[in-house]
Each structure stands twice: as C-alpha cells, then as structure tokens.
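K.L.:
Dropping the structure in here first, questions after.
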Amino acid sequence: MAIDPDEFRAVLGRFASGVTILTTRDDKERDHGMTVSAFCSASLVPPLVLACIDRSTDMFRILPKSSHFGINILADGQEALSRRFAELPTGRFDGIGYTRAESGVVLLDDALAHLDCRRIDVHDAGDHVIFVGEVEWASSRKGRPLLYYRGGYAQLER
C-alpha cells in the first residue's frame, strides 16, 4: 500500500535538518543559488556530499552543466537569507556579502561553514535528482546552526 504524500511529508517533518544555500555558476558565469535542506555527507574518504534538487527548480536545469557547486551551511541568525534564496525568483545575490571559492562559486558571508565541491555524479531519485560532489575545500567557524523542523525554522538549544 502506498503512503499518502501528505502523511509522508508530516512524518519526514519530524526529522530536523540543517539549512544550506547551494550556489553555482552557469556557462555564462552568472551566479545561481537556492535554499536546500536535503543535504548530507556521503563519504569521508574521499570527502563526498550530496544535495537533492527538485526537478521543477531552475537549479535542476543549471547544475548538470556546472562543474562545481558551493554549500553554505547557515547559522542561526540567517533565516532571512534562507527565505530570500527560497522565495525570490531573481536578485538573490543583490546587496548581500560574499566571497568566491577558488572554483568561482559564491560563499556567503557569515555562514557557519562553506564547502567548495566538484560535481562528480548525478542520480535519479523520483521527483528529485541527487547531485554528488567531491569536497575540494572546506572551512567552518564557531556558532549555532539554523535548523528546519516541522515546516518551520528552529534554533539549537544547547
């Protein structure tokens, strides 16, 4: 028996996840980014991460042609930035601070951690596609993560 999609969403909403913004550049070197909560590590040796991207997003059409992507793990004070990259159709990078990784992808200021990844594999996964990246560079700073839980943002209480 197939599970009801609404029930499935409610069950998965009980799993707290970190919030990231994935960034990349297209073939004309324009910056693109989107909020991604379906992100995790896949391997320590070699260092691999994965991000699941909905086929209906603009990023789904851009990322397969990109050699690299950046992962910005958001800190607890960056909810507005997460919403910006989830909701704004254009101008997501306007007026915000960032630097560039060696690969050229955007690394957002004040993120809790950054990863510069070379895209190495792609896997179909229903209405999403899994993009696997080998981490070529990473950095982190002290702070608390921004979390997503039961359809809303939350902070870690420790």
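The values are calculated or read from the model by the stated rules, or taken from the named source; none is laboratory data. Predicted, not measured: the structure shown is a model, and the values here were computed from it. Cβ atoms come from the backbone with ideal geometry, glycine included; neighbour counts cover every protein chain shown. The accessibility values were calculated without ligands, DNA or RNA, using every heavy atom of the protein model including side chains. Shrake-Rupley method; radii C 1.70, N 1.55, O 1.52, S 1.80 Å.
K.L.:
Roll a 1.4 angstrom probe over the protein heavy atoms and tell me the percent of accessible area of the stretch 1-65 that is carbon or sulfur. List each step's numbers first, then the result.
P.N.:
Details: 2490 of 4200 Å².
Within the stretch 1-65, the accessible surface is 59 percent carbon and sulfur.
K.L.:
Calculated from DSSP H runs of 4 or more alone, at -39500 (n - 2.57) each and per residue, what is the 222 nm mean residue ellipticity of the chain, nearest 500? Could the numbers behind the result be given before it?
P.N.:
Values: 3 runs with 22 residues, N = 158.
Helix contribution divided over all residues of the chain: -3500 deg cm²/dmol.
K.L.:
Give the accessible surface of the stretch 105-145 per residue, rounded to a whole number of Å², with probe radius 1.4 Å and ligands, DNA and RNA excluded.
P.N.:
Working: 2160 Å² over 41 residues.
With all protein chains present, the stretch 105-145 gives 53 Å² per residue.
K.L.:
Continuing with the same structure: Ignoring any ligand, DNA or RNA, what whole percent of the accessible area of the stretch 70-158 comes from carbon and sulfur when the probe is 1.4 angstrom?
P.N.:
Working: 2340 of 5090 Å².
Taking all protein chains in place, the stretch 70-158 shows 46 percent carbon and sulfur surface.
K.L.:
A further question follows. Hey, in the GNM for the chain with a 10 angstrom Cα cutoff, which one of 69, 60, 39 fluctuates hardest?
P.N.:
Result for the chain, Cα springs under 10 Å: 60 fluctuates most.
K.L.:
Which whole-number value in Å² is the accessible area per residue of the stretch 1-88, probe 1.4 Å?
P.N.:
Details: 5110 Å² over 88 residues.
Dividing the accessible area of the stretch 1-88 by its residue count gives 58 Å².
K.L.:
Before anything else, pin down the relative contact order of the chain: Cα pairs under 8 Å, at least 6 apart, normalised by residue count, whole percent. Don't skip to the end; give the middle numbers.
P.N.:
Details: 325 pairs, mean separation 43.9, N = 158.
Contact order relative to length: 28 percent.
K.L.:
Between 19, 49, 105, find the one with the highest GNM mean-square fluctuation for the chain; connect C-alpha pairs within less than 10 Å.
P.N.:
49
K.L.:
Also, quick follow-up: Give the Kirkwood hydrodynamic radius (Å, one decimal) of the stretch 27-128, defined as one over the mean of 1/r across all pairs of different Cα atoms. Kindly include the intermediate steps, with their values, before the conclusion.
P.N.:
Numbers: mean 1/r = 0.0690 Å⁻¹.
The Cα-based Kirkwood calculation yields 14.5 Å.
K.L.:
So, one more: Along Cα→Cβ, 7 Å out, is where each label goes; now give me the distance between the ones at residue 140 and residue 45 in nm to one decimal.
P.N.:
So the two model labels end up 1.9 nm from each other.
K.L.:
Apply 1/(1 + (r/R0)^6) to the Cβ-Cβ distance of residue 2 and residue 76, taking R0 = 35 Å, and write down the FRET efficiency to the nearest 0.05.
P.N.:
Values: r = 37 Å, r/R0 = 1.06.
My answer for the efficiency is 0.40.
K.L.:
Of all GluC sites (Glu not before Pro) in the stretch 99-158, which ones are in loop regions per DSSP and have a Cβ with at most 15 other Cβ atoms within 10 Å? Don't skip to the answer; put the middle values down first.
P.N.:
Values: sites: 102, 134, 136, 157; in loops: 102, 157.
Those that pass, being in a loop and sparsely packed, are 102, 157.
K.L.:
Quick one: Cα centre-to-centre distance for the stretch 106-134 and the stretch 31-95, in angstrom?
P.N.:
When both Cα centres are located, 7 Å separates them.
K.L.:
For the stretch 32-84, rounded, prolate or oblate, judged on the Cα gyration tensor with a ≥ b ≥ c (square roots of eigenvalues), a/c < 1.5 rounded, else prolate if a/b > b/c?
P.N.:
Here the stretch 32-84 falls in the oblate category.
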